[in-house]
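This report refers to the structure that appears directly beneath it.
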Amino acid sequence: MAYYYYKSFIVIILSLSFYFLGICYAENGQKTVGNWLEIASPEDPAVIQVGQFSVDEHNKDTNSTLKFERVVKGQAQIVGGINWRLTIEIKDDKLIKNCEVLVFEQPWKKVKKLIDFKNI
């Protein structure tokens, strides 16, 4: 009788282990939690919104008048929320520049914070 319970326990533990292992890895085998993953599309409305947010926040913090143009490329990192690392194009007067921004977001708490904004 004890052998049956022990065997059932092992099967349940192994099943749960494979389940959680599957959650932590993307289809292409990349680890999803903690690693930086390339964004699927710079034209994704959610990604564009993060890029626009970063320029708006930078303008508030520095009293600038930069204009967001587009997201060139980016990566996302799943942590206790999402870290977005984007390369964006901005317009400063008539000059187009590339910047790298880092934004932390926790959508379920309605938290979004500009961490870093630098010209590259």
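Considering only the other residues whose Cβ falls under 14 Å of the Cβ of ILE96, what net charge follows from Lys and Arg at +1 and Asp and Glu at -1?
Here the count lands on +1.
Please tell me the relative contact order of segment 31-106 in percent, rounded to the nearest whole number, where contacts are Cα pairs under 8 Å and at least six residues apart.
The normalised contact order for segment 31-106 reaches 30 percent.
Residues with amide H under 5 Å of ILE39's amide H, sequence separation 5 or more or different chain, H placed in the peptide plane at 1.01 Å from N; which?
Long-range HN contacts for ILE39: GLY74, GLN75, ALA76.
Provide the net charge surrounding ASP116, with neighbours chosen by a C-beta distance below 13 Å and charges set as Lys +1, Arg +1, Asp -1, Glu -1.
Around ASP116, the charge tally is 0.
Please report the base-10 log of the normalised intensity I(q)/I(0) for segment 33-119, using a Debye sum with one equal scatterer per alpha carbon and no solvent, at each q in 0.19, 0.20, 0.22, 0.26 (1/Å).
With one equal scatterer per Cα and no solvent, log10 I(q)/I(0) is -0.80, -0.88, -1.05, -1.38.
Tell me the carbon and sulfur percent of the accessible area for segment 33-119, rounded to whole percent, probe radius 1.4 Å.
50 percent
How much length would be gained if the chain were fully extended between LEU37 and GLU89, taking 0.36 nm per residue of separation minus their Cα-Cα distance, in nm to one decimal?
Full-extension gain reported as 16.7 nm.
In debye, nearest 20: dipole of segment 33-119 around its Cα centre with unit charges on the Cβ of K, R (+) and D, E (-)?
160 debye
In Å², what does the accessible area per residue of segment 33-119 work out to with a 1.4 Å probe?
60 Å²
Considering the zone a paramagnetic label at GLN52 would reach in this model (a point 7 Å from Cα along the Cα-to-Cβ line), which residues of segment 60-95 have amide N under 13 Å from it?
68-71
Which order do the peptides 66-73, 50-57 take when ranked by the mean count of other beta-carbon atoms within 10 Å per residue, highest first?
Top of the packing list down: 50-57, 66-73.
Using each residue's phi in segment 65-75, evaluate 6.51 cos²θ - 1.76 cosθ + 1.60 at θ = phi - 60° and report the 3J(HN,Hα) Karplus result to the nearest Hz, with x for Gly and Pro.
Coupling constants for segment 65-75: 10, 5, 10, 6, 9, 6, 8, 7, 7, x, 9 Hz.
The values are calculated or read from the model by the stated rules, or taken from the named source; none is laboratory data. Since the structure is predicted, the reported quantities are computational estimates derived from the model, not experimental observations. Heads up, the Cβs are rebuilt from the backbone with ideal geometry, glycines too, and the neighbour counts pull from every protein chain shown. What goes into the accessible areas is simple: the full protein's heavy atoms, side chains included, and nothing from ligands, DNA or RNA. Shrake-Rupley method; radii C 1.70, N 1.55, O 1.52, S 1.80 Å.
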